[in-house]
Amino acid sequence: MAAKLSDRPPEVPPSAAVASLLATKQLVIDRFIPYISLYSRRCPSVGSFTTAAKSDRTAILKWFSSLSVHHRLSYLTIVDRSFAQLLLRMVAKLRSLGHCTFIILPDVPESPDLPSLCHRRSRGLMARIADSNESERLIRDSIRLFNSNEGEATRDSSSSAHCIDTVTFCEEFARDMDRFVKAMDRVSDSGFLMSDCAEMGADWVEFGWLKAQGYSSMEAIVANRVEVALRSAWLSCNSGKKRGVKLKEKVGRVGVAVNVYWRKKGCVDRWEKLDAAVKRKSLKMVLGKTAKFLPDVTFPLQPPELLNCPTHMASLLLIQNLLHDEIDQFCKQVAAENLIRRPYINWAVKRVTRSLQVLWPRSRTSIFGSYATGLALPTSDVDLVVCLPPVRNLVRAF
């Protein structure tokens, strides 16, 4: 008995329909909230801040502007692996999804040393406003990340992203004080350096202006941490009041960050002063010594004489295994998604076949292409060909 062809697509279970409706409702709410916050947010007026906050801001900026550019950058350097790793995760989201806003949940740790990070993708007007924000672009383009343990020990001198624990900025960021303060005020809604130092006693410091934003841009989160570093350096250099044990620890770590910056700058300056021949010779020496300790890794397109060389004898087994695992994982993912799409595709093919047989009763509909061979991706279309029997009167057939 032939199966009865339904004129409707496969029915969705009631529970799935309710879940889809709730998801759609939540999506509308999530998209609507940013637009409300965009129009309801108001930059605090100058009169809303206390006299003490204005006095601290003036004193900090006056002290900071009296320093040289490199001394400013040394005090803005942040040695914190958790913060550096969160920045890397934010950058990964921005590159894959476009502009996003984030919120950090330190009370819900994702791992022993990392808080949870929630993100929300910006769309429409919010995305266009973010793209045109020059202050955010200045902060984003000025960020520099590196490993503070480079050069201390061989085992710590890794180029892996997991070893990055230090955040600093380029020279142009701290050179122009007016532009620096303007960018900080723009991303902080004029709240930069207007908070109370008592808030710095927490493990994960978030000033009031950042909490008021809710979901914040990556640049606002960086500005919040810049304010922490700047206040800590000011307290350290000017013997300010250090209330609380945790605040004293933060101020005490300023010297560590300063030393890390100057050590890194010394290495970079020394390398820049070398001529091209010395740089080339140094790279050959370093890379040559490193290659001797990597017997299991090689490039697949090396010349035969290099592959047969005893000092560079290597196997492609590791690379082959990695490639095999990646291909196998991709195939399993594609097969699972195609299995979900198959009932809907079969229903659509039957509908098309039935409609064509109404016009041409002796016609045959066949599937060809990637779906017929089993090589279709979830984004692939379905190719159909209609075969008509030979007729003598073409006008009558059509």
Area of Ile327 that stays accessible when all protein chains are in place (1.4 Å probe, Å², to 10): 90
Listed peptides 162-170, 377-385, 219-227 by packing density, highest first (mean Cβ within 10 Å): 219-227, 162-170, 377-385
Looking only at the stretch 348-379, which residues have a backbone nitrogen under 17 Å from a spot 7 Å from the Cα of Ala336 in the C-beta direction? 377-379
First check a/c for the stretch 81-149, with a ≥ b ≥ c the square roots of the eigenvalues of its C-alpha gyration tensor; if it is under 1.5, answer rounded, and if not, answer prolate when a/b is larger than b/c or oblate otherwise. oblate
Mind scanning Lys93/Lys211; Lys93/Lys265; Lys93/Lys284; Lys211/Lys264 and naming the pairs with a C-alpha gap bigger than 27 Å? Lys93/Lys265; Lys93/Lys284; Lys211/Lys264
Apply 1/(1 + (r/R0)^6) to the Cβ-Cβ distance of Cys118 and Leu356, taking R0 = 56 Å, and write down the FRET efficiency to the nearest 0.05. 0.65
How large is the accessible surface of Lys211 in square angstrom, using a 1.4 angstrom probe and rounding to the nearest 10? 130
Testing the spin-label approximation: label points 7 Å from Cα along Cα→Cβ at Arg95 and Asp196. State their distance in nm. 4.2
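The values are calculated or read from the model by the stated rules, or taken from the named source; none is laboratory data. Note that the structure is predicted; figures quoted are calculated from it, not measured. Using ideal geometry, Cβ is built from the backbone for each residue, glycine included, and neighbour counts are taken over all protein chains shown. When the accessible area is computed, the model is the full protein with side chains, heavy atoms only, and any ligands, DNA or RNA have been set aside. Shrake-Rupley method; radii C 1.70, N 1.55, O 1.52, S 1.80 Å.
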